[in-house]
1. Can you tell me which residue among LEU56, LEU8, LEU17 is modelled with pLDDT of 95 or more and hydrophobic (A, V, I, L, M, F, W, C)?
2. When you check ARG39 against the structure, is it over 11 Å from the mean Cα position of the chain (by Cα) and either modelled with pLDDT of 95 or more or surrounded by 10 or more Cβ atoms within 10 Å (Cβ to Cβ) (or both), yes or no?
Amino acid sequence: MTIDANMLIYAIFMINLIGVGGFFAARYEFSQLEKETERSRKQIALARERLRERGLPAE
(Lines give C-alpha, C1' and ligand atoms only; values in the text may rest on other atoms or scores of the structure.)
Protein backbone atom coordinates (compact mmCIF):
# COMPACT_ATOMS: atom_id res chain seq x y z
CA MET A 1 0.00 0.00 0.00
CA THR A 2 1.38 3.36 -0.95
CA ILE A 3 0.83 6.61 0.87
CA ASP A 4 -0.90 9.11 -1.35
CA ALA A 5 -1.20 12.87 -0.82
CA ASN A 6 -4.63 12.65 0.85
CA MET A 7 -3.41 10.17 3.47
CA LEU A 8 -0.38 12.34 4.19
CA ILE A 9 -2.53 15.45 4.59
CA TYR A 10 -4.90 13.52 6.87
CA ALA A 11 -2.00 12.23 8.98
CA ILE A 12 -0.51 15.72 9.34
CA PHE A 13 -3.94 17.13 10.22
CA MET A 14 -4.50 14.48 12.92
CA ILE A 15 -1.04 15.02 14.41
CA ASN A 16 -1.70 18.76 14.59
CA LEU A 17 -5.14 18.18 16.08
CA ILE A 18 -3.68 15.96 18.80
CA GLY A 19 -0.95 18.54 19.47
CA VAL A 20 -3.45 21.38 19.83
CA GLY A 21 -5.65 19.24 22.06
CA GLY A 22 -2.65 18.38 24.23
CA PHE A 23 -1.75 22.06 24.50
CA PHE A 24 -5.23 23.02 25.69
CA ALA A 25 -5.35 20.08 28.12
CA ALA A 26 -1.99 21.12 29.61
CA ARG A 27 -3.12 24.74 29.85
CA TYR A 28 -6.28 23.68 31.67
CA GLU A 29 -4.34 21.46 34.09
CA PHE A 30 -1.86 24.27 34.81
CA SER A 31 -4.73 26.66 35.49
CA GLN A 32 -6.30 24.17 37.91
CA LEU A 33 -2.95 23.70 39.65
CA GLU A 34 -2.59 27.46 40.10
CA LYS A 35 -6.08 27.64 41.63
CA GLU A 36 -5.31 24.78 44.03
CA THR A 37 -2.01 26.41 45.01
CA GLU A 38 -3.74 29.71 45.73
CA ARG A 39 -6.40 27.93 47.79
CA SER A 40 -3.70 26.13 49.78
CA ARG A 41 -1.88 29.40 50.45
CA LYS A 42 -5.08 30.96 51.72
CA GLN A 43 -5.75 27.96 53.99
CA ILE A 44 -2.20 28.11 55.38
CA ALA A 45 -2.51 31.85 56.01
CA LEU A 46 -5.85 31.32 57.77
CA ALA A 47 -4.40 28.53 59.94
CA ARG A 48 -1.44 30.72 60.90
CA GLU A 49 -3.77 33.59 61.78
CA ARG A 50 -5.82 31.29 64.03
CA LEU A 51 -2.65 30.12 65.76
CA ARG A 52 -1.57 33.71 66.34
CA GLU A 53 -4.98 34.50 67.84
CA ARG A 54 -4.48 31.66 70.31
CA GLY A 55 -1.00 32.95 71.14
CA LEU A 56 0.77 29.90 69.72
CA PRO A 57 3.81 30.11 67.46
CA ALA A 58 2.77 30.08 63.82
CA GLU A 59 5.91 28.39 62.50
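1. Result: LEU17 is the single residue among LEU56, LEU8, LEU17 that is modelled with pLDDT of 95 or more and hydrophobic (A, V, I, L, M, F, W, C).
2. Against the criterion (over 11 Å from the mean Cα position of the chain (by Cα) and either modelled with pLDDT of 95 or more or surrounded by 10 or more Cβ atoms within 10 Å (Cβ to Cβ) (or both)), ARG39 qualifies.
The values are calculated or read from the model by the stated rules, or taken from the named source; none is laboratory data. Because the structure is a prediction, the values reported are computed rather than measured. Don't worry about glycine lacking a Cβ; one is built from the backbone with ideal geometry, like all the others, and counts go over all protein chains shown.
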